[in-house]
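Visitor: Here it is, the structure, as structure tokens.
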Amino acid sequence: MDILEYIELVFTDYTLRTITLGTAVLGAICGMLGSFAVLRKQSLLGDAISHAALPGIAIAFLIIGAKNSNAFLLGALISGLIGSFWIRGIIRKTHLKSDTALGLILSLFFGFGMLLLTYIQKLPNANQAGLENYLFGQAATLLESDVWMMSLVTGICLIVLLLFWKELKISLFDSDYTKTLGFNIKFLDILITTFIVVAIVLGLQTVGVVLMSAMILAPAAAARQWTNSLSIMVILAAIFGAFSGVIGTAISASHNNLSTGPVIVLVAAVFVLVSFIFSPGRGLLFREIRFRKNRNDLQLHKTLSFMYNIVKDHEDISHPHAIKILNNFQGFTKKSLQKLEDKDYVTIEGNMWSLTTSGYETAANLYNQLTQTEDE
Amino acid sequence: MKNKIAVQIDDLTVAYNYKPVLWDIDLAIPEGVLMAIVGPNGAGKSTLIKSVLDIIKPIAGSVKIYDKPYRKQRSLVAYVPQKGSVDWDFPTTALDVVMMGTYGSLGWIKRPGQKQKKEALEALEKVGMLAFKSRQISQLSGGQQQRIFLARALVQNASIYFMDEPFQGVDATTEKAIINILKELRKAGKTVIVVHHDLQTVPEYFDWVTFLNVKKIATGPVKDIFNDDNLTKTYGINYKVSVQQ
């Protein structure tokens, strides 16, 4: 199936359109809120919350005895919130560090959820089939009403983020200081945690308990690489998340037996990989290039200052000298000499070199320049 | 006392877990002084500031800012936290951080506008950092980051400034620049309280000093009480005994 055909199908096929829209909205809200989780250094919180939601789904099924995604959502929300506030409580009330608290809650809730799931599977109730889909998610079960629900929550979340933008930003950066300004940081903390829980719970049906944390982390981690502004980071993360959803759905829809959730997560991982390597400011590639360039520049400067020391005792600065006398100098190579000539700092005639006026001036200023850049 | 009392601390006791960090502190800080809080590591210097600012809840005691509880006087107080207390890789610029100083007077939801931006730019100029206003904060040196924190507190235009080790990890030039700003604040009648580590510079920089080591050892004008006796009491080998009393 080629791309054009696929795009046409997205607009005509009800199921495909629902899934594409659903995963796009889900990716956007997860990216947006994930930025806050990442900057709060609570990357693992998403993982703990999504696992903590599992028993809620199982209990909701046990209570109503039928599959109902809204009831499951509510169950997941309640147990996810309980999990996240227990984590907060453990960190505040005991000496345990946050990674321990997260791990503890994650395994405790997930274990309990699995226990309930196996119990449910033994029940003589035909409705239980498909409950295990919440482990890895099944995008095909998305309905139009689910997409509306997601869009509604995303809208509310967007309004709240815009409204409390300044407060959320400052409390992320410096919470003690925020408190001295008279802002209620507990309220802000609960607000953002609740929204993260809601976003995770919304994604469980599509991406599943196990992989959901990647939807929170990956777009945000990728976005951080491209910008030094919080607002742009949040917008970028939302875009990356949405595209992960759309592309992931497309790939899984055009191949048989490719489950959507894992493919979306893998697409998001590709965004992360590309960002880590190719982003101009923080990416590995450009960092390496800058590093090499700096080293080469330093080598040139070393050669130039060596020449300057030879030349400065002569009256005529452009008096030619033999290349040979540079040989004992470790920074000197044929290549660096060539580069100096390209920059018009030296002229080379046969096996003699001479500094140009601009080369002399540059060399004389080198020392000043070096100290200046260190001051900055 | 020569002036009004800016900060009045009574019977303040703070404990993390079981061990007291601050024990029954009574302290009156007169208006218009530039005061150093000195004491060994673990003496509770930062804790003292944080409990005055209601960041840490004390077990007992009260704090009054100009005769009223701190909660009612927030707008009179500015805080410069330790530089290491935040993540400098946070995606924001120097100007943005200084703007945060205006958030308190703005209150909930309201956005900073041109007026706030102008104030922030003025503060940046005062600390000599105007040229770096658009710089991502992780690309600033330690001294520059400290100046940004100072500028953020200046924007608050408070009467009382609490600073937690503003000279930590800064070079001599920055230290001079910061102390000049602090002296200017005092000249303008503000009260400045600084957690300080370098005992050598206390007589040169400050006119008031508090010796602290879990308990308050002494407080008063530098010229009267900055002496060997108090230094030994605060830093001396007997300090463990005095903690247990």
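Visitor: Check off (1) within 14 Å of chain B (Cβ to nearest Cβ); (2) surrounded by fewer than 13 Cβ atoms within 10 Å (Cβ to Cβ) for A:Leu123 and give me the number that stays unchecked.
Guide: Unmet condition: (1).
Visitor: So which residues in the range B:87-98 are more than 9 Å from every other protein chain (Cβ to nearest Cβ) and surrounded by 19 or more Cβ atoms within 10 Å (Cβ to Cβ)?
Guide: B:Ala94, B:Leu95, B:Val98
Visitor: Anything in the range A:7-32 that is among the hydroxyl-bearing types (Ser, Thr, Tyr) and under 24 Å from A:Met215 (Cα atoms)? List them, or say none.
Guide: Result: A:Thr15, A:Thr18, A:Thr20, A:Thr23.
Visitor: B:Ala172 passes all but one of (1) more than 26 Å from A:Arg224 (Cα to Cα); (2) modelled with pLDDT under 95; (3) facing chain A (nearest Cβ under 9 Å); which number fails?
Guide: (3)
Visitor: Among A:Phe136, A:Phe173, A:Phe195, which is the only one that is of a type in the set (Phe, Trp, Tyr) and over 30 Å from A:Leu115 (Cα atoms)?
Guide: Unique residue meeting the criteria: A:Phe173.
Visitor: Taking A:Val311 as the residue in question, decide whether it is in contact with a Ser or Thr (Cβ under 9 Å, 6 or more places away or on another chain) and at pLDDT below 80.
Guide: Answer is yes for this residue.
Visitor: So for the range B:32-53 (the condition being within 9 Å of chain A (Cβ to nearest Cβ) and open to solvent by 30 Å² or more (accessible area, probe 1.4 Å)), does at least one residue qualify?
Guide: Yes, the range B:32-53 contains at least one residue that is within 9 Å of chain A (Cβ to nearest Cβ) and open to solvent by 30 Å² or more (accessible area, probe 1.4 Å).
Yes/no matrix, rows are residues, columns are (1) surrounded by fewer than 14 Cβ atoms within 10 Å (Cβ to Cβ); (2) over 30 Å from A:Ala220 (Cα atoms):
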residue: A:Arg282; (1), (2): no, no
residue: A:Asp297; (1), (2): yes, yes
residue: A:Lys312; (1), (2): yes, yes
residue: A:Pro320; (1), (2): no, yes
residue: A:Ile325; (1), (2): yes, yes
residue: A:Glu341; (1), (2): no, yes
residue: A:Asp344; (1), (2): yes, yes
residue: A:Gly350; (1), (2): yes, yes
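Visitor: Quick check on the range B:13-20. Is at least one of its residues touching an Asp or Glu at 6+ places or on another chain (Cβ under 6 Å), surrounded by fewer than 22 Cβ atoms within 10 Å (Cβ to Cβ) and either at pLDDT 95 or above or over 30 Å from A:Phe164 (Cα atoms) (or both)?
Guide: Checked the range B:13-20: at least one residue is touching an Asp or Glu at 6+ places or on another chain (Cβ under 6 Å), surrounded by fewer than 22 Cβ atoms within 10 Å (Cβ to Cβ) and either at pLDDT 95 or above or over 30 Å from A:Phe164 (Cα atoms) (or both).
Visitor: So which residues in the range A:219-263 are part of a loop (DSSP other than H, G, I, E, B) and away from chain B (no Cβ under 11 Å)?
Guide: If the condition is that a residue be part of a loop (DSSP other than H, G, I, E, B) and away from chain B (no Cβ under 11 Å), then A:Ser254, A:His255, A:Asn256, A:Asn257, A:Leu258, A:Ser259 are the ones that fit.
Visitor: Can you say whether A:Arg40 is basic (Lys, Arg), under 30 Å from the mean Cα position of the chain (by Cα), within 14 Å of another protein chain (Cβ to nearest Cβ) and open to solvent by 10 Å² or more (accessible area, probe 1.4 Å), as far as the supplied structure shows?
Guide: Judged against the criteria, A:Arg40 is a match.
Visitor: Would a scan of the range B:124-136 turn up a residue that is among the hydroxyl-bearing types (Ser, Thr, Tyr) and open to solvent by less than 60 Å² (accessible area, probe 1.4 Å)?
Guide: Within the range B:124-136 (the criterion being among the hydroxyl-bearing types (Ser, Thr, Tyr) and open to solvent by less than 60 Å² (accessible area, probe 1.4 Å)), the answer is no, since none of the residues qualifies.
Visitor: Which pairs do you get when a residue that is in contact (Cβ under 8 Å) with a residue 24 or more places away in the chain and within 22 Å of A:Gly89 (Cβ to Cβ), found in the range A:181-206, comes within reach of a residue that is part of a loop (DSSP other than H, G, I, E, B) and open to solvent by 10 Å² or more (accessible area, probe 1.4 Å), reach meaning Cβ atoms under 8 angstrom, with the pair 6+ apart or on two chains?
Guide: A:Leu188/A:Phe164; A:Leu191/A:Phe164; A:Ile192/A:Arg40
Visitor: Among (1) open to solvent by less than 40 Å² (accessible area, probe 1.4 Å); (2) within 14 Å of chain B (Cβ to nearest Cβ); (3) not in a helix (DSSP H, G or I), there is one condition A:Ala66 misses while meeting the rest; what is its number?
Guide: (2)
Visitor: Follow-up. Would you confirm whether or not the range B:51-65 contains a residue that is over 23 Å from B:Val214 (Cα atoms), touching a helix residue (DSSP H, G or I) at 6+ places or on another chain (Cβ under 9 Å) and in a strand (DSSP E or B)?
Guide: Checked the range B:51-65: no residue is over 23 Å from B:Val214 (Cα atoms), touching a helix residue (DSSP H, G or I) at 6+ places or on another chain (Cβ under 9 Å) and in a strand (DSSP E or B).
Visitor: Checking the condition on the phi > 0 side of the Ramachandran plot and either within 13 Å of chain A (Cβ to nearest Cβ) or open to solvent by 30 Å² or more (accessible area, probe 1.4 Å) (or both), which residue from B:Gly107, B:Gly84 passes?
Guide: Step by step, each of B:Gly107, B:Gly84 is checked, and only B:Gly107 is on the phi > 0 side of the Ramachandran plot and either within 13 Å of chain A (Cβ to nearest Cβ) or open to solvent by 30 Å² or more (accessible area, probe 1.4 Å) (or both).
Visitor: Quick check, is B:Glu119 assigned to a helix (DSSP H, G or I), away from chain A (no Cβ under 12 Å) and surrounded by fewer than 19 Cβ atoms within 10 Å (Cβ to Cβ)?
Guide: Answer is no for this residue.
Visitor: Could you tell me whether A:Leu104 is touching a Gly at 6+ places or on another chain (Cβ under 7 Å) and away from every other protein chain (no Cβ under 14 Å)?
Guide: Criteria not met by A:Leu104.
Visitor: Do we find that A:Trp226 is free of Cβ contacts under 8 Å to residues at least 12 places away in the same chain, of a type in the set (A, V, I, L, M, F, W, C) and open to solvent by 30 Å² or more (accessible area, probe 1.4 Å) in this structure?
Guide: No.
Visitor: Within the range A:163-196, restricting attention to residues that are facing chain B (nearest Cβ under 8 Å) and of a type in the set (A, V, I, L, M), which residue is least open to solvent (accessible area, probe 1.4 Å)?
Guide: Restricting to residues being facing chain B (nearest Cβ under 8 Å) and of a type in the set (A, V, I, L, M), the top hit is A:Ile170.
Visitor: Taking the options A:Val207, A:Val147, A:Val153, A:Val246, name whichever one is touching a Phe, Trp or Tyr at 6+ places or on another chain (Cβ under 9 Å), open to solvent by 10 Å² or more (accessible area, probe 1.4 Å) and not aromatic (Phe, Trp, Tyr).
Guide: Selected residue: A:Val153, the only one of A:Val207, A:Val147, A:Val153, A:Val246 that is touching a Phe, Trp or Tyr at 6+ places or on another chain (Cβ under 9 Å), open to solvent by 10 Å² or more (accessible area, probe 1.4 Å) and not aromatic (Phe, Trp, Tyr).
For (1) open to solvent by 10 Å² or more (accessible area, probe 1.4 Å); (2) touching a helix residue (DSSP H, G or I) at 6+ places or on another chain (Cβ under 6 Å); (3) more than 25 Å from A:Leu181 (Cα to Cα), each residue gets a yes or a no:
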| residue | (1), (2), (3) |
| --- | --- |
| B:Gln145 | yes, yes, no |
| B:Asn157 | yes, no, no |
| B:Ala177 | yes, no, yes |
| B:Asp198 | yes, no, yes |
| B:Thr201 | yes, no, yes |
| B:Trp208 | yes, no, yes |
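Visitor: What is the one condition in (1) more than 17 Å from A:Asn294 (Cα to Cα); (2) polar (S, T, N, Q); (3) modelled with pLDDT under 80 that A:Gln372 does not satisfy?
Guide: Looking at each condition in turn, A:Gln372 falls short on (1).
The values are calculated or read from the model by the stated rules, or taken from the named source; none is laboratory data. Only a predicted model underlies this, so the values are computations on that prediction, with no experimental measurement involved. Methodologically, a virtual Cβ is constructed for each residue, glycine included, from the backbone with ideal geometry; neighbour enumeration extends over all protein chains shown. Accessible surface is based on the protein model in full, side chains and every heavy atom, while ligands, DNA and RNA are left aside. Shrake-Rupley method; radii C 1.70, N 1.55, O 1.52, S 1.80 Å.
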